[in-house]
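Here is the structure we will look at, set down as structure tokens.
A short reminder: the numbers here are calculations on the coordinates, not readings from a lab. These numbers come from a predicted model, not from an experiment. In this analysis, Cβ positions are derived from the backbone assuming ideal geometry, glycine residues included, and neighbour counts consider all displayed protein chains.
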Amino acid sequence: MMKIARILSLLALTGLTACVVPTGPVEVTRFNRAAEGVPYGAGSFAVALVGESVSNQPLAGSPYLAAVAREMQRIGYRDNSGNSHVIAEVRFGATVIRPDRPAPAPVSVGVGGSTGSYGSGVGVSLGFNLAGGSAAQVQSSLAVRILRRSDQMVIWEGTALQSAKAGSPAAQPGIAASKLAEALFKDFPGVSGETIRVP
């Protein structure tokens, strides 16, 4: 009976620690128009997948859309998809990198392009290097542009990148989406042009 009680208590502790998923630091770069007097955090918003993700991976984009929507509400926007003041365009990706093998061209199955209007030039892709190896890392990325609906001006944009060991909980899309979005919108709108690392 003592052995069974010990095993049960160890299993309970394992379950508790599994709920807290350690994730690596996120590298974030953002651009904004605060210096031009553009206001942030007021009005209604909608979120939308853009680029190839619209046709190729709408289901895979769900955690990213949900995470960005949560952050938009946290910073003061209200959800009103029908007639929104701003639109948050979302691109996401994940690339499996195996450093122990020469990397062939990845099999691209997702989003490509640039968030571009301020010259950040970040391409986000979902690809898989099919070579074998045990030290694989998943590089997850999220890029968001906020457009003002009235004139289609990009008033804010940012990119967030994170690496995690392939197969780890931190590499799972739902967890990665939340971590990337939280880091991207930390201290919103941020310092324009600055790259930060969010633990």
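Give the long-range amide H neighbours of Gly43: residues separated by 5 or more places, or on another chain, with amide H under 5 Å away, using H modelled in the peptide plane at 1.01 Å from N.
Result for Gly43 returns Arg78.
Sequence-distant or interchain residues sharing an amide H contact under 5 Å with Ile155, placed H: which?
Excluding prolines and chain starts, which carry no amide H, the hits are Ile146, Leu147, Arg148.
Using 0.36 nm per residue, how much length does the chain from Ser62 to Arg197 gain when fully extended, once their Cα-Cα distance is taken away? Write out the running numbers ahead of the final one.
Numbers: separation 135, 0.36 × 135 = 48.60 nm, distance 2.52 nm.
Length difference between fully extended and current span is 46.1 nm.
Given a Förster distance of 22 Å, report the FRET efficiency between Ala166 and Lys186 from their Cβ-Cβ distance, rounded to the nearest 0.05.
With a Förster radius of 22 Å, E is 0.25.
When Lys and Arg each count +1 and Asp and Glu each count -1, what net charge do the other residues less than 11 Å away from Met72, Cβ to Cβ, add up to?
+1
If you plug each phi of the stretch 164-178 into the Karplus form 6.51 cos²θ - 1.76 cosθ + 1.60 with θ = phi - 60°, what whole-Hz ³J(HN,Hα) values come out, in order, with x for Gly and Pro?
8, 5, 4, x, 7, x, 5, 8, 6, x, x, 5, 4, 4, 5
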